[in-house]
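Structure, as structure tokens:
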Amino acid sequence: MDRASDYGSEGWGFESLRARSSPRFEWWFACAVIAAVAWWPLLHLDRIPVLWTIDLGFHELGHLIGYVTRLPELVTAVAGNGLQTLAPLLAAGVAAYRRRWALAAAALAWAGGTLIDASNYIADAPYERLELLGGDHDWAFALGPGRLDALSAVPTIVSVLRVAAWVLVVAAVVVLAVSRRVGSDR
């Protein structure tokens, strides 16, 4: 048997992975993700230990894309949190397109968690006390004098992001509950 046939017709293994993943497993996985997001980011305004490393990767990739494509400095500064939130939203869209509703719910909850992380980062902009990997504080730069000059709007921005995070997590719960009730997961 040749190597490509081990991985299904497409040669990448995605079909065999899909065959191994059951709707029941996906439903419980989504429950775990939603619970983790509800516990750490929503209730404690903290990062989910394991998921944070994935978020950080997307965050830094957002900056890298900005640098490589020579986007304006302001756009590059906010591209970190932008891609960090866009990635799970895209994952939710792909899962919904494939009618994998439990996975879509998990990705929506993950996106809610990234908004809490962004709100914490933005809340620190006037003070710049967070420990960073290096470089300038993205949001102090973007919202500071000489750019958007909007440091006074930080409390409002933070509140809007936190409400949006709750909305995404509630939407995740609704998607998960409806998919379970109507049995439409797959």
Please report, in whole Å, how far the alpha carbons of region 22-182 spread along each principal axis, starting with the longest.
53, 33, 23
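What ranking of VAL154, VAL163 emerges when the number of other C-beta atoms within 10 Å of each C-beta is taken as an exposure proxy, fewest first? Don't skip to the answer; put the middle values down first.
Numbers: VAL154 19, VAL163 12.
With the fewest neighbours first, VAL154, VAL163 line up as VAL163, VAL154.
Rounded to the nearest 500, what is the 222 nm mean residue ellipticity of the chain from helices alone, with -39500 (n - 2.57) per DSSP H run of 4+ residues and division by all residues?
Values: 8 runs with 127 residues, N = 186.
That comes out to -22500 deg cm²/dmol.
Which helices count as membrane-span-like in the chain under these terms: full DSSP H, at least 27 Å along the axis by C-alpha, Kyte-Doolittle mean of 0.5 or more? Working shown, then result.
On the way: long enough: 73-97 (34 Å, 1.13); 101-123 (33 Å, 1.05); 154-182 (42 Å, 1.97).
In the chain, the long hydrophobic H runs are 73-97, 101-123, 154-182.
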Just the Cα atoms of region 126-186, one point each, no solvent: what log10 I(q)/I(0) does Debye give at q = 0.13, 0.16, 0.28 Å⁻¹?
-0.57, -0.67, -1.10
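Coordinate-derived values only; no laboratory data. Small disclaimer: the values here were computed from a predicted structure and weren't measured. So basically every Cβ, Gly included, is an ideal-geometry build from the backbone, and we count neighbours across all protein chains shown.
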